[in-house]
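*Asks:* This structure is in structure tokens; I'll ask about it shortly.
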Amino acid sequence: MSTSSQTQFRYTQTPSKVLHLRNLPWECTEEELVELCKPFGKIVNTKCNVGANRNQAFVEFVDLNQAISMVSYYASSSEPAQVRGKTVYIQYSNRHEIVNNKSPGDTPGNVLLVTIEGVEANDVTIETIHLVFSAFGFVHKIATFEKAAGFQALIQFTDAETASSARNALDGRSIPRYLLPDHVTSCHLRISYSAHTDLNIKFQSHRSRDYTNPYLPVNPTAMEGLMQPVVGPDGKRQEPQSNVLLASIENMQYAVTVDVLHSVFSAFGTVQKIAIFEKNGGTQALIQYPDVTTAAVAKESLEGHCIYEGGYCKLHLSYSRHTDLNVKAYSDKSRDYTISDLSLLATQVPGMPATPNAWQNPQNAPLYPGTDYAASAAMQAQPSAGQVPAWDPSLQARPSYGSVPGTVPGQAYQASAVPTYMNAAPPAGSSPLSQPGATSMRMPPPGGAPLLGQPPYYGQ
């Protein structure tokens, strides 16, 4: 906007005793505004650091004529209004008084909300945050998290006065460069007051700390440093490793049970626990190994490969934040292989009584036409209601089921030797190992474990 059009705009505005000042220097103070405006009259109120760039302000005179006098003077002056050498543009405001309706972020409190711009989570450690803010007083608690605004932290001080001192000194500043990783080029703090007064920290970890309670439980990730950021030779942050893998399974044409996952992942080491769950419309699983090294080998070997030939049940692996899974039930969705006494786990078999291991009603045994013996032997046998598998801790043999009447009037039924974890019928004459055009991954199976792509308990 040209100077003449700005002047015309000032004169065509409705006069107000509140003036709007733009293009102010960063963090312009109330004293600087008063110094600029007091030659024209008495200032009764100000509002500083307004706008996204915090370079605007409002000044309210006690009388309308005083505001008109200031606008008229600088509109006709050859020397513009200046603060710290910057030209300031002055115009009438649409408001007729300044009402300081402070938002929660403007109301002083003992807890600060800090947004750390220019970094990702874990680029700035909780120890660095504590070091920076403890320079202004005792820091009681810190909690870090990620929101749409970016990486943020709540920092609790003893009182509002200490918090205000830290906010005034650090807002808009950068964390010292030597405290940041080499790949972080810039880091700025945006600080406001939080509505919280006492943070609820449940355990000490790399994301939260309570410096007032030395008896608070410690999260294993805080002690072992498993989740701390690791920077590779290229300077990029690497994924923190863990002994627990998170598996996302795509293209679920066949059901994936605990037994299937155990056969696949035990090829690389001892699997301690498995838990399967549904999330965001997909199937995921947590697989726990005894150490990070074993998990890393399994992740590198299995990432992107399929459990079944033909591209079925594709694995995408990442490290989990968990270090010890809490498995409370023995079922097709969860298993704890470190517990040999199954009585310590609740048995969960859908739609079945809790204890029986044999047919409750022999008349309910399946009937097969006499001409379907060969077909029934080729089909996968589904455990019927009332049938509980006898668990083999070594999982090296197909699970055996409770006794079933061996004969049906006029027939001699023999159970299928093929396990049951396929819920979509494959094309006639095919199996997960023989899909047209299938190219499965074949890896040397340590200790005779099943090959990836083979169903668990495949005929030995």
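The values are calculated or read from the model by the stated rules, or taken from the named source; none is laboratory data. Here the structure is a predicted model, which means the values were calculated and not measured. Reconstructed Cβ throughout: ideal geometry from the backbone, glycine too, with neighbour counts over all protein chains shown. For accessibility, only protein heavy atoms count, side chains too; no ligands or nucleic acids. Shrake-Rupley method; radii C 1.70, N 1.55, O 1.52, S 1.80 Å.
*Asks:* Tell me which residues, restricted to region 285-303, are more than 10 Å from N243 (Cβ to Cβ) and open to solvent by 30 Å² or more (accessible area, probe 1.4 Å).
*Replies:* Going through region 285-303, the residues more than 10 Å from N243 (Cβ to Cβ) turn out to be 285-286, 297-303.
Hits for region 285-303 are V297, K299, E300, S301, E303.
*Asks:* Being at pLDDT below 90, open to solvent by less than 20 Å² (accessible area, probe 1.4 Å), within 27 Å of the chain's Cα centre (by Cα) and not acidic (D, E) is true for just one of A153, A121. Which residue is that? Walk me through it before giving the result.
*Replies:* Values: A153 fails: at pLDDT below 90.
None of the other options fit; the residue is A121.
*Asks:* Here is a further query. For T323, are the conditions met, namely being assigned to a loop (DSSP other than H, G, I, E, B), touching a residue at least 24 places away in the same chain (Cβ under 8 Å) and either aromatic (F, W, Y) or loosely packed, with under 15 Cβ neighbours inside 10 Å (or both)? Explain how you work it out, then say what you get.
*Replies:* Numbers: assigned to a loop (DSSP other than H, G, I, E, B): yes; touching a residue at least 24 places away in the same chain (Cβ under 8 Å): yes; either aromatic (F, W, Y) or loosely packed, with under 15 Cβ neighbours inside 10 Å (or both): no.
For T323, the condition - assigned to a loop (DSSP other than H, G, I, E, B), touching a residue at least 24 places away in the same chain (Cβ under 8 Å) and either aromatic (F, W, Y) or loosely packed, with under 15 Cβ neighbours inside 10 Å (or both) - is not met.
*Asks:* Counting only residues that are polar (S, T, N, Q) and open to solvent by 50 Å² or more (accessible area, probe 1.4 Å), how many does region 66-91 have? It would help to see each step written out before you state the result.
*Replies:* Within region 66-91, the first condition is being polar (S, T, N, Q), and the residues that meet it are 66, 69, 72, 76-78, 82, 87, 91.
Restricting the remaining residues to those that are open to solvent by 50 Å² or more (accessible area, probe 1.4 Å) gives 69, 76, 78, 82.
So the count comes out to 4.
*Asks:* Would it be correct to say that I68 is among the aliphatic types (A, V, I, L, M), touching a residue at least 12 places away in the same chain (Cβ under 8 Å) and within 24 Å of G85 (Cβ to Cβ)?
*Replies:* On the way: among the aliphatic types (A, V, I, L, M): yes; touching a residue at least 12 places away in the same chain (Cβ under 8 Å): yes; within 24 Å of G85 (Cβ to Cβ): no.
The answer is no for I68.
*Asks:* Take region 200-213 and flag every residue that is buried (at least 16 other Cβ atoms within 10 Å of the Cβ) and in contact with a Ser or Thr (Cβ under 8 Å, 6 or more places away or on another chain).
*Replies:* If the condition is that a residue be buried (at least 16 other Cβ atoms within 10 Å of the Cβ) and in contact with a Ser or Thr (Cβ under 8 Å, 6 or more places away or on another chain), then I201, S205, H206, R207, S208 are the ones that fit.
*Asks:* Kindly provide the set of residues from region 266-287 that are of a type outside the set (V, I, T) and within 13 Å of Y337 (Cα to Cα), ordered by number. Step through it out loud before you land on a result.
*Replies:* Of all residues in region 266-287, those of a type outside the set (V, I, T) come to 266-269, 272-273, 275, 277-282, 284-286.
Passing the criteria: S266, G269, Q272, K273, A275.
*Asks:* How many residues are within 10 Å of F133 (Cα to Cα) and in a helix (DSSP H, G or I) if we restrict to region 151-161?
*Replies:* 0
*Asks:* While we're on this one: Would you tally the residues in region 44-65 being more than 46 Å from the chain's Cα centre (by Cα) and buried (at least 18 other Cβ atoms within 10 Å of the Cβ)?
*Replies:* Of the residues in region 44-65, the ones more than 46 Å from the chain's Cα centre (by Cα) are 44, 60-65.
Still in the list and also buried (at least 18 other Cβ atoms within 10 Å of the Cβ): 60-61.
Number of matching residues: 2.
*Asks:* Still on this structure, please answer the following. Hey, among the residues in region 20-31 that are closer than 18 Å to I98 by Cα and out of contact with any helix residue (DSSP H, G or I) (no Cβ under 8 Å at 6 or more places or on another chain), which one's most open to solvent (accessible area, probe 1.4 Å)? First the steps, then the outcome.
*Replies:* First pass over region 20-31, keeping only residues closer than 18 Å to I98 by Cα: 20-22, 28-31.
This time we only want the ones that are out of contact with any helix residue (DSSP H, G or I) (no Cβ under 8 Å at 6 or more places or on another chain), so: 20, 22, 28-31.
Values: H20: 28, R22: 75, C28: 6, T29: 55, E30: 94, E31: 127 Å².
Per the criteria, the residue is E31.
*Asks:* Name every residue in region 92-103 that is surrounded by fewer than 18 Cβ atoms within 10 Å (Cβ to Cβ) and in contact with a Phe, Trp or Tyr (Cβ under 7 Å, 6 or more places away or on another chain), in order of residue number.
*Replies:* I98, the sole residue that qualifies.
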